[in-house]
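Reading through the structure tokens given below for one structure.
Read the figures in this text as sums done on the coordinates, not as results from a lab. All values reported here derive from a predicted model rather than from experimental measurement. Please note: Cβ atoms are built from the backbone with ideal geometry, for glycine as well, and neighbour counts cover all protein chains shown.
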Amino acid sequence: MALLEIRKLTRRFGALEAVKDVSLAIEAGEFFTLLGPSGCGKTTILRMIAGFDAPDEGEILLDGVSLAGVPPERRPLHTVFQSYALFPHMSVAGNIAFPLEMAGKPKDEIRRRVKETLALVHLEEKTESFPHELSGGQKQRVALARGLVNQPRLLLLDEPLGALDAKLRVEMQSELIALQREVGITFIFVTHSQQEALALSHRIAVMRDGRVEQLDEPDTLYSAPANRFVADFIGKINLLDVEVVASSKARLGLRAAGLGEIAATDPRPITVGERGAFALRPELVRVFGRRESADLKNRFEGTVRELLYLGDVTLYKVELADGCVIEAMMPNAAPGRAKFHEVGDVVTVCWRHDAGVYLRN
Amino acid sequence: MSAPRTQPAGLTKWAVTLPPTLFLLAFFLVPALIVVVAGFRETGEFGGLAPWPQVSLDAWRFLLGDVIYLEVFARSFLVAALTTLICIVLAYPLAWLIARSPKQRRDVLVLLVILPFASNFLVRIYAWIMLLGPANLLYTPLAVIVGMVYAHLPFMVLPLYTNLEKHDPALLEAAQDLGANAWTRFWRVTFPLSLPGIFSGSALVFIPVLGMFAAPELLGGTGDILIGNLIKEQFLDNRDWPLGSALAIMLTACVLALAGLSAWAAKRGMHGTEAIT
């Protein structure tokens, strides 16, 4: 049985349906992420799990028991808020002791657990400090420690890294992964950052307009997006409108307007004449000079219109003969890499027949 | 850490700070010194002060020698403390309600709180005479307290409201999420964070009540006089300026001692709440 089960959850705010018929099952020990742009309903779901909001339809079950009517203070789960919401009048130790005091734990146990948890988040020397004396990263750790100290069944994290600067955010990501592995508590993480979601999660539910668009492991989401929205939201991608012109034994022939035929693969039975999109990651596209050889099936000639040198890689925007633009990402230190292509160079872009994904409309 | 504030150039600084400094020197510090000196002078033949340079401790001997003055002091502090306490109890829910109401309505509600100031203070006290008289409560200690609380309630509501309005609602959600029920949320989060508001409100009520003479004179009985009445009496009726001055000095000294004590207590007990006020 799943630890947390969400069944046909719907929440309306006036005419707006913030969450539409969402069903999810989250397993014990999982790092589960709700990912989506702002307003997609991810925070509303989190607030309903925490008990600050109630669903209009559907139910939430913890260990198979409905949470309906259980107030937030009696749910065995804690939340790490985006603003941290540390109590400004309590020391770090006081903040972390709070949930233990609420649970009526004896004094010596509280002291021991606070000490252990402070060690877990590497804040032993800040025990007596007050929140206004801490840096952003330290506040973040206190908030995490406060959420974890009473060993909740579930820890809900509402964009907890949103207020940190880029470098610190990456550091905290590693710490979060290590922490979750160490304590073994189930995390439900809400974020709008696809990079964060991919880096941290065991499974990700991508949400849009109150619905779950795709629920998968990070690598599946990235390499096999279920639809245009997911493909576009996660990472960089080329999206071409195509029509299926040939289909046999998992091999597809796709025609993109003006581009000619693209060879692709798809295990699903697909009928000729269907319309959809062809999604292709830029790092799977190769760019060659005109005289270089490239014996790949999909090859199209074009002109480099723009290039972005990013250090490890270079991102080319190549305009093909018919005006459509393909983005290609080439590593700068690849073996046999002869030279850069400059803006205005005539080049050949090519990719393997199984590099892209056909998305049905 | 905030960036160091830019210091205004010498001349500008003087031009800005000199007028208020002169004003305070002329109309606060000098009169205060006159009162202090007057406390150690003799009464003149026809009241006021005897000609310079007689110096005497008569006023102090008289003041400290008669237990009645000590009684009035004690009663004044009791009335002030009681008024402050009642104001806290009455103002807290009101301030909380205003702080929790929708933004557009808050300004109207605050306006309603200060609206009584639009009519003259004495008129409002006389209104209480009309109300308390038929109820047979006039000229009792209770009437004095009612008048004091009525007159000073807004001074408690406003700083409390200003404080409560700034509380981050996420803190209460966090407390609830971590297992605190409504009662605990109030006593562990809202109340400690509102202490700065309670302190400033208490200062704004306690100190004026100590010196107030109109309300006890109009609403209280003969046994209900407070220090304010006593001081006023010495200056205006008995024309015993040294005694009046000595009483005023005593009062100021007591208030300053109390303010110092509460500031010290606040520093020890309210760590972290400065982020709120």
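Residues whose amide H comes within less than 5 Å of that of A:VAL347, counting only those at least five positions distant or on another chain, are A:GLY302, A:THR303, A:VAL304 (H built at 1.01 Å from N in the peptide plane).
Within 10 Å of each Cβ in A:73-86, how many Cβ atoms from other chains are there, averaged over the peptide?
Working: counts 10, 3, 3, 1, 1, 4, 6, 2, 6, 1, 4, 2, 10, 5.
Counting other chains' Cβ atoms within 10 Å and averaging over A:73-86 gives 4.
Using Cβ contacts closer than 10 Å as the measure, can you line up B:HIS167, A:HIS78, A:HIS353 from fewest to most?
Details: B:HIS167 19, A:HIS78 26, A:HIS353 14.
Ascending number of Cβ neighbours within 10 Å: A:HIS353, B:HIS167, A:HIS78.
Springs join every pair of Cα atoms under 10 Å in this Gaussian network model of chain B, and among B:GLY39, B:GLY197, B:GLY179 the largest mean-square fluctuation is at B:GLY179. In terms of other Cβ atoms within 10 Å, A:LEU156, A:LEU176 run from fewest to most in the order A:LEU176, A:LEU156. Under 5 Å between amide hydrogens, built in the peptide plane, is the criterion, and for A:ARG211 it picks out A:LYS20 among residues at least 5 positions away or on other chains. Coupling constants for segment A:270-286 follow from the phi torsions by the Karplus curve (6.51 cos²θ - 1.76 cosθ + 1.60, θ = phi - 60°), and in residue order they are 10, 8, 5, x, 5, 10, x, 10, 10, 10, 9, 5, x, 6, 9, 9, 9 Hz; glycine and proline get x. Ranked by how many other Cβ atoms sit within 10 Å of their own Cβ, fewest first, the residues A:VAL272, A:VAL212, A:VAL19 fall in the order A:VAL272, A:VAL212, A:VAL19. Output the direction-averaged projected area (hull surface divided by four) of the convex hull of the alpha-carbon atoms of the protein assembly as shown, in nm². That works out to 45.5 nm². Pairs of alpha carbons in segment A:236-360 separated by more than 18 Å make up 51% of all such pairs.
Over the protein assembly as shown, dividing the summed -39,500 (n - 2.57) contributions of all DSSP H runs of at least 4 residues by the number of residues returns a 222 nm mean residue ellipticity of -13500 deg cm²/dmol.
In this structure, A:ASP312 and B:LEU22 have a Cβ-Cβ separation that, at R0 = 56 Å, corresponds to a calculated FRET efficiency of about 0.25.
Separation of segment A:14-70 and segment B:50-93, taken as the distance between their Cα centroids, equals 63 angstrom.
Using a cutoff of 8 angstrom between alpha carbon atoms and counting only pairs six or more residues apart, the relative contact order for segment A:4-231 works out to 29 percent. Summing Lys, Arg as +1 and Asp, Glu as -1, what charge do residues with Cβ under 11 Å from the Cβ of B:ASP58 carry, B:ASP58 excluded? Overall, the nearby charge balance is 0.
Whole-Hz Karplus values for segment A:313-329 come out as 9, 10, 9, 9, 10, 10, 8, 7, 3, 8, x, 7, 10, 10, 9, 10, 10 Hz, taken residue by residue from phi with 6.51 cos²θ - 1.76 cosθ + 1.60 and θ = phi - 60°; glycine and proline positions read x.
Put a dot 7 Å past the Cα of A:ALA25, heading toward its Cβ, do the same for B:ALA265, and the two dots end up 6.0 nm apart.
Residues whose amide H comes within less than 5 Å of that of A:LEU156, counting only those at least five positions distant or on another chain, are A:HIS78, A:THR79, A:VAL80, A:ILE188 (H built at 1.01 Å from N in the peptide plane).
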